[in-house]
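K.L.:
One structure coming up, written as structure tokens, with questions to follow.
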Amino acid sequence: MSTTIVKKVESGLTGSIKIPGDKSISHRAVMFGAIANGTTTVEGFLPGEDCLSTIDCFRKLGVKIEQEEEKVTIEGKGWEGLTEPSEILDVGNSGTTTRLMLGILATRPFHSVVIGDDSIAKRPMARVTDPLRSMGSDIDGRDNGNYTPLSIRGGETKAIAFESKVASAQVKSAILLAGLQSEGVTSVTEPALSRDHTERMLEAYGVEVKRDGLTVSVEGGQTLTAQHIVVPGDISSAAFFLVAGAIVPNSKITLEAVGLNPTRSGIIDVLKQMGADLVIHNEKMVGGEPLADVTISTSHLKGIEISGDLIPRLIDEVPVIAVLATQAEGQTVIRDAEELKVKETNRIDTVVSELKKLGANIKATEDGMIIEGRASLNGASVSSHGDHRIGMAMAIAGLITNGNVTVNRSDAIAVSYPSFFEHIEALKK
Ligand code: S3P
């Protein structure tokens with residue numbers, strides 16, 4: 001387990017960096033390529049540990065996949081091309097791999113066993129295994145199928161109209177994927193709109209997807225056709241540098257080709273509402289996803305309330321938004337975010353406990369947190385708790401603390417951003 005020491009930046013962060021590929025889109029490009037007919041090529045793939053877990057699992061399911069850095073080739077042979085794995089499917093730390101793969105396996109007539117790391121073993125899976133069972137798939141696991149290890153025997157399934165209690169793209173995607181091979185029309189209705197990469201990418205692969213407000217539906221019996229997928233930069237990774245640019249004195253940073261899908265861009269809204277000096281330029285559409293360059297400069301910020309439908313649009317950014325809020329004048333309140341409790345760690349607990357060690361004025365609530373700014377932060381020894389986004393949020397805080405921040409278990413960062421510390425170095429003057 002590695003430790004990284006982060007020092008205060010004395011003379012600002014400047015220059016531009018190319019943000020690594022979007023994690024959600026990279027997973028989907030590989031999974032959908034694996035069930036499509038023909039050879040799919042992917043450029044801009046994120047070679048982070050989570051997406052490599054997806055490649056590993058689909059190789060074990062009999063799909064030929066070549067990957068070199070950001071380029072991936074997947075030789076799809078359609079749904080029937082997946083074969084019974086002789087080995088256990090290990091998803092590592094990846095919730096997206098677990099839940100979306102279960103949706104695909106739900107209709108495959110063979111047996112698989114799914115395991116992951118200690119964090120995955122604590123994450124609730126009933127939110128996908130219950131609806132997939134009700135479609136006809138045979139799933140079991142610890143606590144009646146709520147936790148890994150899980151075993152699944154797919155087979156003939158029928159469509160459902162599912163009302164999800166949570167706004168979760170992983171739940172929505174798993175059910176829609178099973179629906180593609182089930183009899184009838186499968187629909188998912190969410191309480192608020194979660195990220196829609198599955199809908200956009202399925203359409204790119206030639207699938208008909210219907211959307212009506214908060215309901216998405218697909219008709220069973222649809223096949224996918226191989227594609228060339230270009231993955232935009234991950235706004236969830238860009239978020240760390242958007243915050244760094246805003247809070248480190250004398251900074252001006254440009255982040256290139258960042259995905260700005262409206263179901264993901266809540267961090268941009270938050271920065272604007274807080275008064276950040278942020279410019280979006282070179283906007284374009286690539287493969288059905290909007291992207292642009294974003295320039296951010298050191299800003300005078302004010303506290304705001306973050307709640308409601310905005311939460312699913314920035315759920316992964318809350319750890320670094322908490323760091324941002326420590327430097328905003330006044331109070332920032334984050335509510336309606338109880339989903340944070342079932343991420344890679346309980347992110348209400350881990351954000352609050354680690355930021356307190358740096359001297360932040362932050363308090364946990366039932367569904368979020370309250371942060372009082374502006375705080376003068378000090379150095380301390382903190383831990384990622386094995387959660388990549390907690391590790392990176394603490395490292396960004398370390399750029400402005402008086403005294404060094406020691407980030408323990410910093411190896412977790414490779415889950416989504418292997419070049420994170422190199423990018424910090426590249427922006428130092
Ligand atoms: C993801 C969906 C979100 C997000 C996760 C990636 C996806 O999770 O937090 O990092 O790729 O579909 P939920 O579906 O649990 O909200």
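The values are calculated or read from the model by the stated rules, or taken from the named source; none is laboratory data. Because the structure is a prediction, the values reported are computed rather than measured. Virtual Cβ from ideal backbone geometry, glycine too; neighbours counted across all protein chains shown. Keep in mind that these areas ignore ligands, DNA and RNA; they rest on the heavy atoms of the full protein, side chains included. Shrake-Rupley method; radii C 1.70, N 1.55, O 1.52, S 1.80 Å.
K.L.:
If we keep just the residues of segment 375-401 that are among the polar types (S, T, N, Q) and farther than 22 Å from Gly303 by Cα, which is most open to solvent (accessible area, probe 1.4 Å)?
P.N.:
So the residue we want is Ser381.
K.L.:
Would you be able to tell me the number of residues in segment 27-55 that are closer than 25 Å to Phe421 by Cβ, open to solvent by 10 Å² or more (accessible area, probe 1.4 Å) and in contact with a strand residue (DSSP E or B) (Cβ under 8 Å, 6 or more places away or on another chain)? Step through it out loud before you land on a result.
P.N.:
The initial filter retains those residues of segment 27-55 that are closer than 25 Å to Phe421 by Cβ, namely 27, 43-55.
Going one step further and asking which of them are open to solvent by 10 Å² or more (accessible area, probe 1.4 Å), we end up with 43-44, 47, 49, 52-53.
Narrowing further to those that are in contact with a strand residue (DSSP E or B) (Cβ under 8 Å, 6 or more places away or on another chain): 43-44, 47, 52-53.
Residues meeting the conditions: 5.
K.L.:
Restricting the search to segment 294-326, which residues are within 14 Å of the ligand (Cβ to nearest atom) and of a type in the set (Asp, Glu)?
P.N.:
Correct list: Asp309, Asp316, Glu317.
K.L.:
For segment 158-170, how many residues meet the condition of being over 20 Å from the mean Cα position of the chain (by Cα) and either closer than 10 Å to Asp138 by Cα or basic (Lys, Arg) (or both)?
P.N.:
Residues in segment 158-170 being over 20 Å from the mean Cα position of the chain (by Cα) and either closer than 10 Å to Asp138 by Cα or basic (Lys, Arg) (or both): 1 in total.
K.L.:
Here's something else I'd like to know. Name every residue in segment 102-146 that is hydroxyl-bearing (Ser, Thr, Tyr) and either modelled with pLDDT under 95 or away from the ligand (no atom under 15 Å from the Cβ) (or both), in order of residue number.
P.N.:
Correct list: Thr107, Ser112, Ser134, Ser137.
K.L.:
Still on this structure, please answer the following. Does Val320 satisfy the criteria of being free of Cβ contacts under 8 Å to residues at least 60 places away in the same chain and among the β-branched types (Val, Ile, Thr)? Spell out how you get there, then give the answer.
P.N.:
Details: free of Cβ contacts under 8 Å to residues at least 60 places away in the same chain: no; among the β-branched types (Val, Ile, Thr): yes.
For Val320, the condition - free of Cβ contacts under 8 Å to residues at least 60 places away in the same chain and among the β-branched types (Val, Ile, Thr) - is not met.
K.L.:
If Val231 satisfies all but one of (1) over 29 Å from Glu84 (Cα atoms); (2) open to solvent by 40 Å² or more (accessible area, probe 1.4 Å), what's the number of the condition it fails?
P.N.:
(2)
K.L.:
Is it the case, given these coordinates, that Ser353 is of a type in the set (Gly, Ala, Ser), buried (at least 20 other Cβ atoms within 10 Å of the Cβ) and over 25 Å from Ala192 (Cβ atoms)?
P.N.:
Numbers: of a type in the set (Gly, Ala, Ser): yes; buried (at least 20 other Cβ atoms within 10 Å of the Cβ): no; over 25 Å from Ala192 (Cβ atoms): yes.
Answer is no for this residue.
K.L.:
Starting from segment 337-350, keep only residues that are over 18 Å from Ser94 (Cβ atoms) and open to solvent by 40 Å² or more (accessible area, probe 1.4 Å), then list their pairs with residues that are of a type outside the set (Val, Ile, Thr) and more than 12 Å from the ligand (Cβ to nearest atom) whose Cβ atoms are within a distance under 8 Å, requiring at least 6 positions of separation or different chains.
P.N.:
Taking only residues 6 or more apart or on different chains, the pairs are Glu338/Glu366; Glu338/Asp367; Glu338/Gly368; Lys341/Asp349; Asp349/Ala364.
K.L.:
Moving on. Quick one: count up the residues across segment 57-68 that are over 16 Å from Gly81 (Cα atoms) and out of contact with any strand residue (DSSP E or B) (no Cβ under 7 Å at 6 or more places or on another chain). Walk me through it before giving the result.
P.N.:
At the first step, the residues of segment 57-68 found to be over 16 Å from Gly81 (Cα atoms) are 66-68.
Narrowing the set further to residues that are out of contact with any strand residue (DSSP E or B) (no Cβ under 7 Å at 6 or more places or on another chain) leaves 67-68.
Going through segment 57-68 one residue at a time, the tally reaches 2.
K.L.:
Tally the residues that are surrounded by fewer than 19 Cβ atoms within 10 Å (Cβ to Cβ) and in a loop (DSSP other than H, G, I, E, B), restricting the search to segment 102-114. So that I can check it myself, show each step before the final result.
P.N.:
In the first step, residues of segment 102-114 are kept if they are surrounded by fewer than 19 Cβ atoms within 10 Å (Cβ to Cβ); the result is 109-111, 113.
The next check asks that each one be in a loop (DSSP other than H, G, I, E, B); those that pass are 109-110.
Number of matching residues: 2.
K.L.:
Looking at (1) out of contact with any Gly (no Cβ under 8 Å at 6 or more places or on another chain); (2) over 15 Å from Phe32 (Cβ atoms), which is the one condition that is false for Glu156?
P.N.:
All conditions are met except number (1).
K.L.:
Continuing with this model, one more query. Starting from segment 269-298, keep only residues that are within 19 Å of Met201 (Cα to Cα) and charged (D, E, K, R), then list their pairs with residues that are at pLDDT 95 or above and surrounded by 14 or more Cβ atoms within 10 Å (Cβ to Cβ) whose Cβ atoms are within a distance under 6 Å, requiring at least 6 positions of separation or different chains.
P.N.:
These pairs meet every condition: Glu289/Pro232; Glu289/Gly259; Glu289/Asn261.
K.L.:
Also: In this structure, does Ile370 turn out to be farther than 21 Å from Ile5 by Cβ, without any contact (Cβ under 8 Å) to a residue 40 or more places away in the chain and open to solvent by less than 20 Å² (accessible area, probe 1.4 Å)?
P.N.:
no
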